[in-house]
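To start, the structure under review is shown below, and the notes come after it.
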Amino acid sequence: MATVDLMGGDAQRIRNQYKTSLQRDASDDEVTGWLSGSYGGGGVDQWANQIAQSDEARQRGTYKPDSGNPPPAGTVVGGQNPNESGPQTAETPYQNTDWWSSQGVPVTDMFDLNTGQLKPGWSATGKGYERTTNTSNSPWDVDPKGNFQNWFLQNVGSLAPSGKALESLAPYLSKFGLKLGGRNAQGMIDTIITPDGKAWDVIESATMDGGKRWQWIPAGGSGPGGVGGGPLPTNQYSDAYTQLMEMLIKSRIGTLQQPVNDPNRAAYEQALKSRADSLAMGNTQLTQLMDYLQSRFTELQGPGYTGAENEVIRTGALDPIETDRTAAKQRVLERLSARGLTPDSGIAQQALLEVDKAFDGMRGTAQTTLTTNDLNRREDRQQRAATIGGQMVDINDARSREQLDVFQALEILSQTMRDEEEARSREAIGYAGGLNDLSAQRLEMAMAAAGMGGNPSSLMSGLQGIASMNQSASALNRANSGSMWSGLGSIMAILAGSR
């Protein structure tokens, strides 16, 4: 660290600024931090400005806004706490000019270089410079005007689909009342909730780091679909209680027309599908395990000991016998020589033969033991190879059985959903029939109130009788009219003859 003058003019300027802005004395360590550049670059003017805009100054109520002049490159603006050593950075979006430059916003877009003042749309805060109006021209800032599907799919066109990518869009979505759905069993979000409360699945085959493509379909695809039927008719009744019943029935029918959004079932279905895919494709760890087991299986089918191993074992077992044989013969010859017998004498030769006979027996026993050990080891290795072979078969069989179990669970889930769809359809039809019966019920009540009986068929009989009477009256009227015109004709003929 460079030597600093704690009693110089710059040090005194810093101490005075502490007293003015922080209402306390600066420690020698704090003065050293500023003068050495540890708290940020620039000169004493910039350091004094940072002290005046620090968080501690804000807490003490002595904070004074920046004059608006841009700081030198590399200067941390406003975020420095003089109580902490080392450089500090401010938080987004309150940042210094270097940070904004790194985001593609040059200093010339923030400041009028002729006057040194901030341009419209920017303001100085206690933590740096903040954009106060949108100048990004981002398509995410364009009001979708309720057409969320087109707005979303157009804007994500160049973005790779993934759970992480969707979560990064939360700030843009929230501007227009959209929010992210809940996390599924894998801890991932792949749905969007629109302001009307509807959930939409926006990533096909989603994972946290990938997905097949962006989409916009009703979420909860694992739940029963709507029963359809088109839009509901307008209200038909005006009295309060019948209208309430009509509204309640129509509300239930409207609910049944929409797909069931069951996040838990959707998560269960997704987990089953993911497991099925995993079982079909395998994984790196399984491949490594199977490769190792196969290698070990092949290795264990070989001899009990390799050629090199056999040589080492035989040498270790037989060489000591030969060494002992040679030593035993030497001792025999020495004893016979002490008795005056030469090595080529018959007694010496017989004694040497006895030594060889004894050690040949020992050698034979050792070789038999080695052979037995080799056979036993080979048998043990063969058994271990058979066990590993069985394990490899069991692993594949177990995965196949699990895959079938997963498919069976998916089929059961699918059948359950089909049964629910059928039940929902029957329920919707029943409610629609109830609405249709309201007219007949009200007519029956009106007839009963009029003393015409409570059965609409009696009214029909009455109406038919009235219609029959009307028909008879019409016939009589026609007959009377015919007679009248006939009489008038006769009268006219008489009158004409009398002339």
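Looking across segment 199-213 at every residue that is exposed (fewer than 14 other Cβ atoms within 10 Å of the Cβ) and in a loop (DSSP other than H, G, I, E, B), the one that is farthest from the chain's Cα centre (by Cα) is identified as Lys212. Inspect all residues belonging to segment 273-289 and state whether any of them is touching a Lys or Arg at 6+ places or on another chain (Cβ under 6 Å) and either among the aromatic types (Phe, Trp, Tyr) or in contact (Cβ under 8 Å) with a residue 24 or more places away in the chain (or both). So far as segment 273-289 goes, yes, one or more of its residues are touching a Lys or Arg at 6+ places or on another chain (Cβ under 6 Å) and either among the aromatic types (Phe, Trp, Tyr) or in contact (Cβ under 8 Å) with a residue 24 or more places away in the chain (or both). Inspect segment 447-456 for any residue being modelled with pLDDT of 75 or more, of a type outside the set (Lys, Arg), farther than 30 Å from Thr298 by Cα and surrounded by 10 or more Cβ atoms within 10 Å (Cβ to Cβ) and give the result as yes or no. Within segment 447-456 (the criterion being modelled with pLDDT of 75 or more, of a type outside the set (Lys, Arg), farther than 30 Å from Thr298 by Cα and surrounded by 10 or more Cβ atoms within 10 Å (Cβ to Cβ)), the answer is yes, since at least one residue qualifies.
Based on this model, can you work out whether Arg478 counts as at pLDDT 55 or above, closer than 26 Å to Thr255 by Cα and part of a helix (DSSP H, G or I)? Spelling it out, it is not the case that Arg478 is at pLDDT 55 or above, closer than 26 Å to Thr255 by Cα and part of a helix (DSSP H, G or I).
What is the residue count in segment 377-408 for residues that are under 30 Å from Arg325 (Cβ atoms) and at pLDDT 85 or above? So the count comes out to 0. In this structure, Arg325 qualifies as in the same structural domain as Lys357 (by TED's automatic domain parsing) and surrounded by 13 or more Cβ atoms within 10 Å (Cβ to Cβ).
For segment 359-392, the candidate set comprises residues that are of a type in the set (A, V, I, L, M) and touching a residue at least 24 places away in the same chain (Cβ under 8 Å); within that set, the residue that is farthest from Gln294 (Cα to Cα) is Met362. Scanning segment 48-55 turns up at least one residue that is modelled with pLDDT under 75, surrounded by 15 or more Cβ atoms within 10 Å (Cβ to Cβ) and in a helix (DSSP H, G or I). In the set Asp324, Asp374, Asp360, Asp356, only one residue is at pLDDT below 85 and in a helix (DSSP H, G or I); that residue is Asp374. Quick one: would you say Phe407 is aromatic (Phe, Trp, Tyr), touching a residue at least 24 places away in the same chain (Cβ under 8 Å) and either surrounded by 14 or more Cβ atoms within 10 Å (Cβ to Cβ) or not assigned by TED's automatic domain parsing to the domain that holds Ile321 (or both)? Against the criterion (aromatic (Phe, Trp, Tyr), touching a residue at least 24 places away in the same chain (Cβ under 8 Å) and either surrounded by 14 or more Cβ atoms within 10 Å (Cβ to Cβ) or not assigned by TED's automatic domain parsing to the domain that holds Ile321 (or both)), Phe407 does not qualify. In summary, Gln350 fulfils each of the numbered conditions (1) over 23 Å from Thr298 (Cα atoms); (2) under 52 Å from the mean Cα position of the chain (by Cα); (3) at pLDDT 85 or above; (4) not aliphatic (A, V, I, L, M) with the single exception of condition (2).
Could you tell me which of the residues Thr315, Thr371, Thr287 is exposed (fewer than 11 other Cβ atoms within 10 Å of the Cβ) and more than 29 Å from Asp405 (Cβ to Cβ)? Just one listed residue meets the conditions, Thr315.
Across segment 215-265, which residue is modelled with the highest pLDDT among those that are in a loop (DSSP other than H, G, I, E, B) and acidic (Asp, Glu)? Here the answer is Asp239.
The values are calculated or read from the model by the stated rules, or taken from the named source; none is laboratory data. Remember, it's a predicted structure, so these values are computed and weren't measured experimentally. A quick note on method: Cβ atoms are made from the backbone with ideal geometry, for glycine too, and the neighbour counts reach across all protein chains shown.
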